[in-house]
Structures are given as structure tokens and as C-alpha cells.
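Just below is one structure, and these are the notes that go with it.
The values are calculated or read from the model by the stated rules, or taken from the named source; none is laboratory data. These numbers were taken from a predicted model, which means no experiment stands behind them. Virtual Cβ from ideal backbone geometry, glycine too; neighbours counted across all protein chains shown. We work out accessible area using only protein heavy atoms, side chains counted, and drop any ligands, DNA or RNA first. Shrake-Rupley method; radii C 1.70, N 1.55, O 1.52, S 1.80 Å.
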Amino acid sequence: MFLRFTGLKRSSFTGNHDVTKTKEPTENTALDDAGRRNFLNTAAFAGLAGASLGLAGCQPDGEGGATSTGGSIDYGKYQVHPGQLDEYYAFSSGGHSGEVRIYVLPSGRLLKRIPVFNIDCMTGWGITNESKKILGTHPDGTLKYWTGDTHHVHPSYTDGTYDGRYLFVNDKIHGRIARVRLDTMECDKITELPNIQGFHGIFPDKCDPLDSAVNYTTRVFCGSEFHTPLPNDGRDLDDPTRYSCVFTCVDAETLEPRWQCQVDGNMDLVATSYDGKLVCSNQYNTEGGAVFADMMLRERDACVFLNVARIEAAVKAGKTFTIGDSKVPVVDGTQAANADPATALTCYVPVPKNPHGVNISPDGRYYACSGKLSPTATLIAHDRVLQWFEGRLQDPREAVVAEPEIGLGPLHSAFDNRGFCYTTLFLDSQIVKWNIEAAIKAYQGDSSAQVVVDRLDVHYQPGHGFTSMGETREADGKYFISDNKFAKDRFLPVGPLHPENSQLIDISGDKMKLVHDTPVWSEPHDSIVVRRDIIKTRQIYNMDDFPHAVKSPLDCRVERNGRKVTVYLTSQAPTFGLTEFKVKRGDEVTIILTNHDKVEDLTHGFAIPKHNINFIVNPQETKSVAFIADKPGVYWCYCTHFCHALHLEMRSRMLVEA
Ligand code: K7E
Ligand code: CUA
Ligand code: CA
């Protein structure tokens, strides 16, 4: 995440934010748009937070296009009536909750939370043996990590659009990548990446640059934000000039790293091209600063592009090294080693100060890199980056084809299917809609080009913004979501911790229309909006997919092997296969539970008081738990998931002998 500008926009928070009203003028309106930009363009960046505070109330209507106010909106047309289904899934990262969420649009209803890097006592994630194995344990069976920080979710692609197979998600804290199966909406693999810290941007490739027949995701690219000593084993602690970062390519099937590429600077967000040839990441800390003031020294940072085919050729040719104990081959993508375009693995395109976010347009032609500390977005042409690698450009900066001024604090951009880009403006608390071709013309000197065509106030301080199907070739230009970091007065107060505000905006017309606010709890960073027909889920599991399934209620039993006791159990509403089972104090107990119900939606739970056991089994699913029965007594194992009229009666007894 970017810097939190504490105290920001306090004056505007006190205004009236009813969508039907325009913003109220505040004390700063005297400072016009141009003056404001110059102010931010001066060298006074060390005082950025203070400067922003001073600008807080400035609410210009912007050049080109007055601020949309909502106008008269037929809210009824976005309603999803009882019994009706929504049009889109939104898969959302859960930030430092460590989970992934599924909500649906246009209603904004939350359907599911998918535990990934966190522990969840409803599903038993982090409690069952199966989930612990995916999460990773120490030799004694305890979890290695039980915290996570998910920022970006991106599904697998075929032919430049979502194929409904997988969702990939990052863990910024511990540098892990996870995969969620989209048929069950459950995490099935997690890998901890070597040699990195602060794994932030993640993006699957959209086809294979080496094999034109492979038009689906086979790699997932992972950027690391924090530079560290390599290897990070205690050396060079006090010398940040020796810290570095590597970019990781992970195999989408095995989820194992294929290669890494060392780069100068850091990596923030990641975007991949539609032809598989390039992957890029915006860099806000090309300075290699260790404190925030040092990270803002340069007027320009960069967007680094990796040439995937060249890197994989170098890996194949063994032009690699390794770092510490890691066996993952690493190539040298630093600027010094890649000055010659004819052989370069990487291309560093200069972009203004501390960019945040990079996204590719659905036609595959442009990358939009947001300015964050510059009021601009930088448009980089895909074919021109390729031309640099062919030696046809003098300077990587020539790959930039537009750099419109769009407003203050641009963070993330999304696209429709009509040539418009929508960028979140964190400091302005607005979404700005701008025309890509007009921006290119304006950059070429056409002063009549109308770049910014609309602005919409959002509430407040948007981070990510994303459009329906906008990260695919099938962008449909219907909806934009503004994920706002502050909600302040938009919902009933719930104490000092506020929810965030996910705002649904209709972008199908000339003017953006704010449709509704949906509260989301801390703290999604990014989401993707997927057409519902792409997602095909299972209704029940297949018992044969579980090697340890207890195939028949007649197989229910207790087996003892020394101190190890295994309890084989089934569930079928409203009973468990054993009404009681006996163990001895100190036994290492494993319970294997197979749900024999075949009815869709018939999930059972299994909880054991005083033993921290709590999990669910869905229809035809098998799960197991292991624990020490260390307290003599009677323990009612009960069904936690309301399943039947006799749900409360659905129990078994664990009898622990002294
Ligand atoms: Cu919050 Cu995508 Cu991690 Cu920007 S990042 S907001
Ligand atoms: Cu089974 Cu409730
Ligand atoms: Ca910088």
C-alpha cells in the first residue's frame, strides 16, 4: 500500500456528501486547478502530507467535464429483487484479514469469505489436517504462519479472458502465493517464495510467449516490494545500498517458482501483456531509499518491463545464479547489466515520481501507470516497449505515448470497451474518466484534444478501482467499483474502526453514475469483476476424491496403535456414525469425518468442547483433525452447522478415560 496521509481531507469530511448534492465550497477554492498542480510539482515533496492537508478542501470541477453529481438516477434498475440473481461475481482481496471474499453485483451482497492465509473456525481452515498441510506446518504440526495480507486476486486466463479455473492471490507479509480453485472456491495450494519480502503485485500471464498454441495461463508473476540483503541471512543489515529485489515467475499448475529476475528498485503492482511477451511492474522506490523521504528523491521512478522469452532463454542457457540456500535460478535484470537493447532482459521506462498501479488496456495496447505523487497518468505503448527491445528506440522513455494531468493522487486505472480509462484519485476523492486517444493526441501537441471527460466524487479516498471484466479482452464497460479507503459518515457508526466503502458506479453512459455504497470490512485492496456465466461451481464433492474417506457408516470405528488413536466417523443428518467413542488421557487422537449426505447445501459441523476442534464437512467431503485428548471427562461432539430439524440432537460423545 501507499503512504497513509494522516489527517488528510479533514475539511472535506465535514461537508455534506449526499450524492444528490454538489460538494460544498471550502476555504481552499481560491487555489485553482493549475495553481494546485504547480504546487505539487514544486520540490516541496518532503512536506507532502502537510501540503495535501492544505489542499484538502480544494474541489475543482476540473478541466473538461464538470463533476458528476449523480443527477437523477433510476436506482430501481440496479435492484436485485428477492429470488433474483446478480449479474457479476466480484472476487476481492481481504487485505490484512488474510482472506479472499466473494460479493456479487449489482447488489453488493457478500456471499462468501474464503479463508486463505488466516485461520477460520467456521470452516476449520487452519484447524483440519488437510488445511494445515496446505498452509504449512513445523515438524511438530503447528502452523508456520497464521497471518496474511492479501492485496491482489487474479484468475487464470484462456484467450485473454477468464476461464474459471483458478484464482491466484498474494500474501504480502510472508511472501506466499496461494491458489483458489474456482469450482469449489477453496484454496488448494500455497507456496512460500524464496529471496523476497513484501510480495505485492501478482498477475498471471495470458498466454505463452514461447508456444503460440498455449493460449492460457501457465505462469504467475510476483513482484516484491521490499528490498533486502540477498540472501537475507544477517549480512548487510546496516547497508541498504546493498539491498535488492527479485521478481518471481511461478508455475501456475505446480505453484513452484520457475525463475527469478533481480531488478533495480522495487516492485509494486504487476501487469502482463495479452501476447505473453511482457510483464511489468511500477517502481516507486528506484532510489532504494530505506525511509520515506529518501523514496521521494527522484523526479522520476520507473515501470520495469521484463522480456519473458529472453529471460526463459537465459534460464535455459544456464546464465543464472542462485541466492543463498534457494535453488531457484536467478537472472540479472539490473539496469547496468541490460544496457544493450539487443540482449536486454529488462527495460526501465521512466515515469513520474512514485507511481502506484499499472494496468493494461483490454485491447492490449497500453499500460496506464498512475502518478500517485504526480497528478498524471503515464500511458506506455506495448508495441513501443517491444521496439526498444528490438533496438528501434533511442530511449525507453520514448515508449511513453501520453501523460495527461488528471488530478491529485492517481492510484489505479481501469478500462471500459470504448477507449476510456477510469483512474482513482486518492487525494481528490474522485474518479476521473479520460479518453485514451485524446490523451495521445494531446501529448503530440493537439491542444484541442479533450482528455478528461468526467469526474465523480467518491466517499472517500479511493484506492483501487476496477471495471466489469475490465482486465480481460471482454471488458464490457458496464460497471466501475471504487474501493474507498475511508467511509467516515456513509454508514451508521460502528466504533472507531470504520468499514471501507465499495461504491458501485454505472459507467455505461457518458456520465458516471453513483449507484450505491456497499460497506466492506477491512481491508480489500483490489477485486476483479467477473461475468457470472464464467464461474461454474460444484454443488457437492466426490467422495472418491478423498483418499481417507470413510466410505460407509458401517466403517465407523476406533483404531488404536499405541498412543495413536484414529476415530473413523460419518455424518448423515441428523446423526454421526458413532454415538460415542472412548479414548485415554494423553492419546494422540485423529478424527476422520466423511459427510454422507448428498443433498446440495447440506453441510454439517463438528466441534469438540475444550479441544479447539471446529470444522465443517460439505456434502460428500472428508476432513480430519488431530489433537491430544489431555483432559479426562465427557465431551459432547456436536454439529455446529444447522442441518436438520434435529440439528441440536446431532451429537456424539468423546469419553476420555483418566
Ligand atoms: Cu492497496 Cu493494489 Cu496493495 Cu493500491 S495496493 S490501493
Ligand atoms: Cu448436522 Cu447440524
Ligand atoms: Ca521514488
Asp211 meets each of (1) assigned to a loop (DSSP other than H, G, I, E, B); (2) in contact (Cβ under 8 Å) with a residue 12 or more places away in the chain; (3) surrounded by fewer than 19 Cβ atoms within 10 Å (Cβ to Cβ) with one exception, condition (2)
Does the stretch 307-325 contain at least one residue that is within 12 Å of ligand 3 (Cβ to nearest atom) and surrounded by fewer than 17 Cβ atoms within 10 Å (Cβ to Cβ)? no
If we keep only residues of the stretch 556-581 that are more than 12 Å from ligand 2 (Cβ to nearest atom) and open to solvent by 70 Å² or more (accessible area, probe 1.4 Å), then the residue farthest from Lys598 (Cα to Cα) is Arg563
Those residues of the stretch 133-143 which are touching a strand residue (DSSP E or B) at 6+ places or on another chain (Cβ under 8 Å) and farther than 17 Å from Val180 by Cβ amount to Thr137, Gly141, Leu143
Residue pairs, Cβ under 6 Å, 6 or more apart or interchain, first in the stretch 283-295 and more than 18 Å from Cys347 (Cα to Cα), second within 16 Å of ligand 1 (Cβ to nearest atom) and open to solvent by less than 30 Å² (accessible area, probe 1.4 Å). List them. Met295/Asn285
Matching option when the condition is open to solvent by less than 30 Å² (accessible area, probe 1.4 Å), closer than 20 Å to Thr248 by Cβ and aliphatic (A, V, I, L, M), among Val351, Val330: Val330
What is the residue count in the stretch 629-650 for residues that are free of Cβ contacts under 8 Å to residues at least 40 places away in the same chain and open to solvent by less than 20 Å² (accessible area, probe 1.4 Å)? 0
Somewhere in the stretch 164-172, is a residue within 16 Å of ligand 1 (Cβ to nearest atom), open to solvent by 10 Å² or more (accessible area, probe 1.4 Å) and under 21 Å from the mean Cα position of the chain (by Cα)? yes
One residue is enough: does the stretch 503-516 have a residue meeting the conditions on the phi > 0 side of the Ramachandran plot and more than 16 Å from ligand 2 (Cβ to nearest atom)? no
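Could you identify the single residue in Ser429, Ser361 that is out of contact with any Gly (no Cβ under 8 Å at 6 or more places or on another chain), away from ligand 3 (no atom under 16 Å from the Cβ) and more than 25 Å from Phe292 (Cα to Cα)?
Going through Ser429, Ser361 in turn, just one is out of contact with any Gly (no Cβ under 8 Å at 6 or more places or on another chain), away from ligand 3 (no atom under 16 Å from the Cβ) and more than 25 Å from Phe292 (Cα to Cα): Ser361.
Say whether the condition of being surrounded by fewer than 18 Cβ atoms within 10 Å (Cβ to Cβ) and touching a residue at least 60 places away in the same chain (Cβ under 8 Å) is met by at least one residue in the stretch 590-600.
Step one: list which residues in the stretch 590-600 are surrounded by fewer than 18 Cβ atoms within 10 Å (Cβ to Cβ), which gives 590, 598-600.
If we keep only those that are touching a residue at least 60 places away in the same chain (Cβ under 8 Å) as well, we get 590, 600.
Yes, the stretch 590-600 has at least one match.
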On the given criteria, is Glu87 open to solvent by less than 30 Å² (accessible area, probe 1.4 Å) and either of a type in the set (D, E, K, R) or without any contact (Cβ under 8 Å) to a residue 12 or more places away in the chain (or both)? no
Exactly one condition in (1) open to solvent by 10 Å² or more (accessible area, probe 1.4 Å); (2) modelled with pLDDT of 95 or more is not met by Pro375; state its number. (1)
Is at least one residue of the stretch 222-230 polar (S, T, N, Q), open to solvent by 30 Å² or more (accessible area, probe 1.4 Å) and modelled with pLDDT of 95 or more? no
Here is a check on your reading of the model: is Gly465 surrounded by 24 or more Cβ atoms within 10 Å (Cβ to Cβ), more than 16 Å from ligand 3 (Cβ to nearest atom) and of a type outside the set (Lys, Arg)? yes
Restricting to the stretch 573-616, what's the tally of residues that are touching a Leu at 6+ places or on another chain (Cβ under 9 Å) and in a strand (DSSP E or B)? 14
If you go through the stretch 527-547 one residue at a time, how many are under 26 Å from Thr423 (Cβ atoms) and either hydroxyl-bearing (Ser, Thr, Tyr) or at pLDDT below 95 (or both)? 1
Within 17 Å of Ser92 (Cα to Cα) and touching a residue at least 40 places away in the same chain (Cβ under 8 Å), is that true of His459? no
Among (1) farther than 17 Å from Asn170 by Cα; (2) out of contact with any Pro (no Cβ under 9 Å at 6 or more places or on another chain), Gly276 falls short only on (2)
Flag if Pro139 is out of contact with any Lys or Arg (no Cβ under 6 Å at 6 or more places or on another chain) and surrounded by fewer than 20 Cβ atoms within 10 Å (Cβ to Cβ): yes
Would you mind stating whether Ile202 is aliphatic (A, V, I, L, M) and either within 25 Å of Ala336 (Cβ to Cβ) or open to solvent by 10 Å² or more (accessible area, probe 1.4 Å) (or both)? no
Based on this model, can you work out whether Gln394 counts as without any contact (Cβ under 8 Å) to a residue 12 or more places away in the chain, open to solvent by 10 Å² or more (accessible area, probe 1.4 Å) and among the polar types (S, T, N, Q)? yes
Residues of the stretch 439-497 being part of a loop (DSSP other than H, G, I, E, B), polar (S, T, N, Q) and either at pLDDT below 95 or away from ligand 1 (no atom under 16 Å from the Cβ) (or both), which ones? Gln444, Ser447, Ser448, Gln450, Thr472
Picked from the stretch 280-291 (must be away from ligand 1 (no atom under 16 Å from the Cβ) and of a type in the set (A, V, I, L, M, F, W, C)), the residue least open to solvent (accessible area, probe 1.4 Å) is Ala290
Within the stretch 498-525, residues open to solvent by less than 10 Å² (accessible area, probe 1.4 Å), part of a loop (DSSP other than H, G, I, E, B) and at pLDDT 95 or above come out as Ile507, Met512
Confirm whether Asp601 is on the phi > 0 side of the Ramachandran plot and either under 32 Å from the mean Cα position of the chain (by Cα) or within 16 Å of ligand 1 (Cβ to nearest atom) (or both). yes
Within the stretch 292-317, which residues are basic (Lys, Arg) and within 16 Å of ligand 1 (Cβ to nearest atom)? none
Checking Ile505 against (1) within 25 Å of Gly164 (Cβ to Cβ); (2) within 22 Å of the chain's Cα centre (by Cα); (3) hydrophobic (A, V, I, L, M, F, W, C), which test does it fail? (1)
Restricting to the stretch 378-391, and then to whatever is open to solvent by 10 Å² or more (accessible area, probe 1.4 Å) and in contact (Cβ under 8 Å) with a residue 24 or more places away in the chain, can you tell me which residue is farthest from Phe466 (Cα to Cα)? Gly391
